[in-house]
Each structure stands twice: as C-alpha cells, then as structure tokens.
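First comes the structure, then the notes that go with it.
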Amino acid sequence: MTDCPQTRLTQQMQFIVEIDRLKGILRQTLLTDCSRRENSAEHSWHIALMAVLLMEYAPEPIDVLRVIKMLLVHDLVEIDAGDTFCYDVQHNQSKVERELQAADRLFGLLPADQAQELRSLWDEFEAQQTPEAQFAASLDRLQPMLNNYHTQGGTWKQHHITRDRVLLRAAPIATGVPHLWEFVQALINDSTAKGFLKKPET
C-alpha cells in the first residue's frame, strides 16, 4: 500500500461525497405506494437486502458478501451515465460506452487498491459469468418486476410494454436463480391476465 494516510483518506472521502449523487438519479420504476419514482441508490439498497433474504435460492453456494458489494456498486456509473431504461432501444445502444467512461472516472477517485476491488466487482457484474454475478443480475431484474406488479403495471403500462419483452428481460433469472423462475412466470402470467402487461401484437 503506497498511499500516504492523508492522501488515502482524502480520496476515500472524495469518493464518499461523490457517490451521494446517486440519490438524485431517478429510475423509471415507481415506489410500491405509487408516490414517486425510486432513485438508483434506493434500488441498490433494495436488491442488496434481497440478496440477504433470497440467498437460499441460489443454485449453488455463493459468497453473499461479494454479491452485496456487487449490488451496491453496480449502478454507481449512473452518476455520470444516467439510468438507461431497459426497454429504451435507442439509448441502450450507447449504454456500454457511457458506463465504461463513468466507471473509469468514478472508481479512479479511490486509492488504487480500492479502485481495483470495486472496479473488478463492477466488471464481474456486467460480465454475468460467475454464480455471484448471475445471482446479483437476477435480483436486479426481479426487483423492478415486483414494483411494476404492485403498482398495477407501473412502468409497463406507462411505456406500453408487452409480455414478450418482459419475458425476454427476465430470462436470465431462469439461470441465475432457477428456483425463482416459476414465481417469475406466475407473476408475468398474472400481470398479463390483470392487464398490467400488454399481450404481443399479432
């Protein structure tokens, strides 16, 4: 560790202050009381706690602390890149480039060892190759579905999202947390039956 103590602490405090901006990044997802849109910091907290509660459904033993860390850092890039709505085809075309630039800047604020650790966790989440990343990514997709269901369609209705698009978006859950896939399918079926989701146009 080559950082002198004062410089190290200064860098850490700078990063801590900078990530406060995540509280101001609004997502499309509504709170379940329909009072407002959630922000990205709230989303990260929500799915981190979901990981604690739902780890028993992971298909193999996982390092839940690693999953929690991953979930707490996975959306920090939205401070610079903004939240890209998952069903927005146009803005998703530039998402990877925008988020990579944001990751370089934000994690670069930290002392080298911590920058490497958090950037590695972010990269792992994005790649979705490890059991931990697949589990984390599954929760990231499940949480908005729960909120949309409990707001009678929420974002789905607002943007006229069809059942097939939600199934496609949810598909990684079948691999990441297969024990929850039956629950997800039932939620989508019920959402369609209740008119929260549109059926695909024929």
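Each reported figure results from applying straightforward, stated rules to the coordinates on display, with no laboratory input. Since the model is a prediction, treat every value here as computed from it, not as a measurement. Using ideal geometry, Cβ is built from the backbone for each residue, glycine included, and neighbour counts are taken over all protein chains shown.
The lysines within cross-link reach of Lys198, meaning a Cα-to-Cα straight distance under 16 Å and a gap of 8 or more places when in the same chain, are Lys157. Of the trypsin sites (Lys or Arg not before Pro) in segment 96-202, the ones in a loop by DSSP (not H, G, I, E or B) with at most 11 other beta carbons within 10 Å are Lys194. For Lys69, a cut-off of 16 angstrom between C-alpha atoms picks up these aspartates and glutamates, skipping any fewer than 8 places away in its own chain: Glu42, Asp113, Glu117, Asp123, Glu124, Glu126, Glu132, Asp140. A Förster radius of 35 Å combined with the Cβ-Cβ distance from Gln114 to Ser94 puts the calculated FRET efficiency at roughly 0.80. Within the set (i) 17.9, 65; (ii) 16.0, 44; (iii) 16.5, 47, the number that Rg and Dmax of the Cα atoms in Å takes when calculated for this structure is listed as (i).
In order along segment 24-31, phi translates into HN-Hα couplings of x, 8, 8, 9, 6, 5, 7, 4 Hz, rounded to whole numbers, per the Karplus curve 6.51 cos²θ - 1.76 cosθ + 1.60 with θ = phi - 60° and x for Gly and Pro.
Distance between the modelled labels on Thr10 and Phe183, one decimal in nanometres: 4.8 nm (7 Å Cα→Cβ projection). From the alpha carbon centroid of segment 103-173 to that of segment 13-86 is 8 Å. Sequentially through segment 75-82, phi angles give Karplus couplings (6.51, -1.76, 1.60; θ = phi - 60°) of 9, 4, 4, 5, 4, 9, 8, x Hz, Gly and Pro residues having no value and appearing as x. Taking θ as phi - 60° and the Karplus parameters 6.51, -1.76 and 1.60, the scalar couplings of segment 135-141 work out to 5, 4, 5, 5, 5, 4, 8 Hz in sequence order, x denoting glycine and proline.
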